[in-house]
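What follows is a set of notes on a single structure, which appears directly below.
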Amino acid sequence: MTSKNDSIVKKKTARFTLKQQKYIFVYTCLLIPLLFFISIRFLPTLYTFNIGFREWDILSEEKPFVGMDNYMTLFKDEIFRKALVNTFIYVVFGVIGQLLCGIGVALLLQRINKFVGVFRAIYFIPYVTSIVAVSWVFKWILMNNGIVNDILMKWGFEAQLFLKSPDQAIYIIILTMIWQGLGFQMIIFLAGLENIPKMFYEAAEIDGANSWNKFIHITLPLLNPTIVFSAVIGSISFLQTFTQVQNMTQGGPLNSTISVVLYIYELAFQHFDMGLASAATVLLFIIILIITIIQMKVLTKKFEY
């Protein structure tokens, strides 16, 4: 009698099938990080939009609504316009440089047979090194009495200002970022190259194609998804340039290296003007979104062989 009652109780309690229980488990596991993302990322983003329409001084209790005044003030600010121009310079030269260097190093590493792991590790180590440490090392070796100027003077050249030059500083920072991000680009392009079937190259060789033709007509087209991914990630990274600028030049000389993110930082944490800082953050968000969409539409192409 007892066994019959137990079986009845089990049937009543087992309201979900095994398949339903699996779905419940999966969706519960997905729901937790989703709620975390919404609370940590999505809601603060919406709150930033709200702050951008207000005169938000953290030292004042009143936060009046000012509409588009913050955005109008930004575009009238010469430093903000300079930061926008500099940021686009970071993106254009930085992304192109990273793509070219990443593809070049990946192609060279693909051709060697010995010490492949050693070379990959050497190129990848800067990517996992502290950005602050790399920035200060480059700053020290490029000082007026640094190693680079010592070598230049020994070879009969004049010493260069480098990070103290309004014309040179921004490109020095871009080179630093390209050098540090090369390891990541190398890994991405190596993965893309290894996914290209060898039979395409063999067929091209039978048709008499040289190395350049194979690169143009096989490698580049089939690397398109990798190039798009690398360009999008690189653009977002260079649009958010901050740490290298802050540690190497602090935005100088003469605001020649200031980026939008550094400008936002100075507004928020030095001038305590959260309204203007939030408005600039919203504009940066819109710029990143537009550039990402354009890259996805323009660069993405389908090739069939």
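Results, tabulated for the structure shown:
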{"read-out": "Residues satisfying the stated conditions in the range 238-254, i.e. under 14 Å from Phe88 (Cβ atoms) and either free of Cβ contacts under 8 Å to residues at least 60 places away in the same chain or open to solvent by 10 Å² or more (accessible area, probe 1.4 Å) (or both)", "value": "Gln240"}
{"read-out": "Scan of the range 255-268 for residues that are open to solvent by 30 Å² or more (accessible area, probe 1.4 Å) and among the aliphatic types (A, V, I, L, M), ordered by number", "value": "Val261"}
{"read-out": "Only listed residue being in contact (Cβ under 8 Å) with a residue 12 or more places away in the chain and part of a loop (DSSP other than H, G, I, E, B), chosen from Gln160, Gln185", "value": "Gln160"}
{"read-out": "Any hit, the range 289-303, residues being of a type in the set (Lys, Arg), part of a loop (DSSP other than H, G, I, E, B) and either open to solvent by 50 Å² or more (accessible area, probe 1.4 Å) or farther than 26 Å from Glu55 by Cα (or both)", "value": "yes"}
{"read-out": "Check on Phe115, under 25 Å from the mean Cα position of the chain (by Cα) and either open to solvent by 60 Å² or more (accessible area, probe 1.4 Å) or of a type outside the set (A, V, I, L, M, F, W, C) (or both)", "value": "no"}
{"read-out": "Search result, residues across the range 143-193 that are open to solvent by 50 Å² or more (accessible area, probe 1.4 Å), among the β-branched types (Val, Ile, Thr) and under 26 Å from the mean Cα position of the chain (by Cα)", "value": "Ile187"}
{"read-out": "Test for Leu223: is it open to solvent by less than 10 Å² (accessible area, probe 1.4 Å) and either among the aliphatic types (A, V, I, L, M) or touching a Cys at 6+ places or on another chain (Cβ under 9 Å) (or both)", "value": "yes"}
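The values are calculated or read from the model by the stated rules, or taken from the named source; none is laboratory data. Because the structure is a prediction, the values reported are computed rather than measured. With ideal geometry, Cβ positions are generated from the backbone for all residues, glycine too; neighbour counts draw on all protein chains shown. When the accessible area is computed, the model is the full protein with side chains, heavy atoms only, and any ligands, DNA or RNA have been set aside. Shrake-Rupley method; radii C 1.70, N 1.55, O 1.52, S 1.80 Å.
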